[in-house]
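The values are calculated or read from the model by the stated rules, or taken from the named source; none is laboratory data. If you're wondering where the values come from, they're calculated on a predicted model, not measured in any experiment. Note that each Cβ is placed from the backbone with ideal geometry, even for glycine, and that neighbours are counted across all protein chains shown. In case anyone asks, the SASA skips ligands and DNA or RNA and just uses the protein heavy atoms, side chains included. Shrake-Rupley method; radii C 1.70, N 1.55, O 1.52, S 1.80 Å.
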Amino acid sequence: TQLLEQSPQFLSIQEGENLTVYCNSSSVFSSLQWYRQEPGEGPVLLVTVVTGGEVKKLKRLTFQFGDARKDSSLHITAAQPGDTGLYLCAGATGNQFYFGTGTSLTVIP
Amino acid sequence: KAGVTQTPRYLIKTRGQQVTLSCSPISGHRSVSWYQQTPGQGLQFLFEYFSETQRNKGNFPGRFSGRQFSNSRSEMNVSTLELGDSALYLCASSLLPGLSNTEAFFGQGTRLTVV
């Protein structure tokens, strides 16, 4: 059982479509991070959300932290082929750091 | 400035052998953390070092160990390799310790295959 469950696991969409990726847990996190990983590379940090209910925007990407700090979502508007990659949420609770199960996104031109 | 450098990039070992992986953090970064990535389990935290001290450790057997040197470079060692140790091993460096409150920069990883 993974502490951070992401859905969907796989997503294949056409360029220009919108999508939302979810990251859920039964545990409370002091903060959650979102990363994107491309093949052959390490993950790259996109954003850190800290406050319950917080919304952060990064160009076409919108990140939200749940009010109870147990979940987060990533919404991409007008997806582009360059958005293709593995999206991972991550957070620390106790002295452990956990990554989510991952969402593999493919944007078809 | 140079990013996080992991060596080697690829490695093939036989069951029962041991292996040492190296990670050179970004200049000035004193925190290094290690992760194992597999298709089945995803990315899992191994351990975190800061100023040569292990601060946190994930839920891995004692066959997995690491250390950090005074120049912040880090090594991880896996002894008595098992087939299930085949994975991408990622290292990340950051200025500060504490994995959730600082930006971590990842290397490209070492792909270990155990045969």
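For B:T102, indicate whether it is over 24 Å from A:A92 (Cα atoms) and β-branched (V, I, T). Taking the combined requirement at face value, the residue does not satisfy it.
The condition of being aromatic (F, W, Y) and open to solvent by less than 20 Å² (accessible area, probe 1.4 Å) does not hold for B:F60. Scanning region B:1-13 for residues that are of a type in the set (A, V, I, L, M) and in a loop (DSSP other than H, G, I, E, B), we see that the one that is modelled with the lowest pLDDT is B:A2.
Give me the residue from region B:1-35 that is of a type in the set (F, W, Y) and open to solvent by less than 20 Å² (accessible area, probe 1.4 Å) and, out of that set, nearest to the chain's Cα centre (by Cα). Among those residues, the one meeting the criterion is B:W34. Taking region A:65-98 as the range and being assigned to a loop (DSSP other than H, G, I, E, B) and either among the hydroxyl-bearing types (S, T, Y) or within 14 Å of chain B (Cβ to nearest Cβ) (or both) as the test, the residues that pass are A:R69, A:T77, A:T84, A:G94, A:N95.
B:S51: exposed (fewer than 13 other Cβ atoms within 10 Å of the Cβ), away from chain A (no Cβ under 14 Å) and farther than 15 Å from B:Q17 by Cα, yes or no? Yes, satisfied.
Selection of region A:1-27 for residues being among the small types (G, A, S), more than 14 Å from chain B (Cβ to nearest Cβ), assigned to a loop (DSSP other than H, G, I, E, B) and within 17 Å of the chain's Cα centre (by Cα) yields only A:S26. All of A:T101, A:T106, A:T62 fail the test of being within 14 Å of another protein chain (Cβ to nearest Cβ) and either in a strand (DSSP E or B) or of a type outside the set (A, V, I, L, M, F, W, C) (or both), apart from A:T101. The set of residues in region B:5-50 that are among the polar types (S, T, N, Q) and free of Cβ contacts under 8 Å to residues at least 24 places away in the same chain comprises B:Q41, B:Q44.
Residues that are under 20 Å from B:F105 (Cα atoms) and small (G, A, S) within region B:32-84 comprise B:S33, B:G42, B:S51, B:G58, B:G66, B:S70, B:S72, B:S74, listed in sequence order. A:N18 meets all of the listed conditions (1) surrounded by fewer than 18 Cβ atoms within 10 Å (Cβ to Cβ); (2) within 24 Å of B:F106 (Cα to Cα); (3) not acidic (D, E) but one, namely (2). Between B:G98, B:G28, B:G40, B:G16, the distinction of being within 14 Å of chain A (Cβ to nearest Cβ), at positive phi and not in a strand (DSSP E or B) belongs to B:G98 only.
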